[in-house]
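Notes follow once the structure below has been shown.
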Amino acid sequence: MVAAGAVLASGCLSGCAVLRDDPDPVINVNQAVKRVDSVLDGTFDAIHPRLKWREGPAHMSEQRNPFTNTADGAVSVDRDRYVRTKFSRAKLKELLTVVYKHWAKEGFKLRDSNPREPSMSAKAADGRIVSLKVGGFGDVRIGASVGALSDGPSGDIDGEEGDKFPKAPNGGPDYSPDVRDSYWSK
């Protein structure tokens, strides 16, 4: 019993490798941004007819040792894409099905889903995470994240600011007229 406790304690003090199931990151931040963008490109390419979207900034979140609260050299790099195509309730289920099938084909395993507030997330064996969330008024956001190595602080990544979001005249979602009458809104 004492030996088992010592093994668990030493594992936790060395960064909780015993309790963590994510592989240690081996890529830098720029490589992580490319991997995140590749996952998002693949997801959007699998959806037909195509969706219009805007890209959010790539963001880096510093990982900290849970016992010492010091940076451990690992970060999580993520980016969201905001769908500008308007969806009807009937087509939303179709979108979720198409995305789920694509992620499964790419090796992602479903982690959680919520049918009441349509959302789902999945994880690949290499630690990549993808998510799809439907917010109020049918706003759809698809995101991806992956671990990387960096000694930088949390925040948006320089040079990866994403698209500028125009203001909609009525203060609502930014749907352009050509998007409003698409396949997905009927």
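Scanning region 107-135 for residues being surrounded by 13 or more Cβ atoms within 10 Å (Cβ to Cβ) and among the acidic types (Asp, Glu) gives a total of 1.
Scanning region 136-156 for residues that are out of contact with any helix residue (DSSP H, G or I) (no Cβ under 6 Å at 6 or more places or on another chain), closer than 18 Å to Leu51 by Cα, open to solvent by less than 50 Å² (accessible area, probe 1.4 Å) and modelled with pLDDT under 85 turns up at least one hit. Each residue in region 70-91 was checked for being open to solvent by less than 20 Å² (accessible area, probe 1.4 Å) and within 20 Å of Ser185 (Cα to Cα), and 3 pass. Pro23 meets each of the listed conditions (1) within 24 Å of Ala122 (Cβ to Cβ); (2) modelled with pLDDT of 90 or more apart from (2).
Might you let me know whether region 87-110 holds any residue that is within 25 Å of Ile27 (Cβ to Cβ) and assigned to a strand (DSSP E or B)? Yes, because at least one residue in region 87-110 is within 25 Å of Ile27 (Cβ to Cβ) and assigned to a strand (DSSP E or B).
The values are calculated or read from the model by the stated rules, or taken from the named source; none is laboratory data. Values in this document were obtained by computation on a predicted structure and should not be read as measured data. Here the Cβ is made from the backbone with ideal geometry for all residues, glycine too, and neighbour counts use every protein chain on show. To get the accessible areas, we keep the full protein, side chains included, count just its heavy atoms, and leave off ligands, DNA and RNA. Shrake-Rupley method; radii C 1.70, N 1.55, O 1.52, S 1.80 Å.
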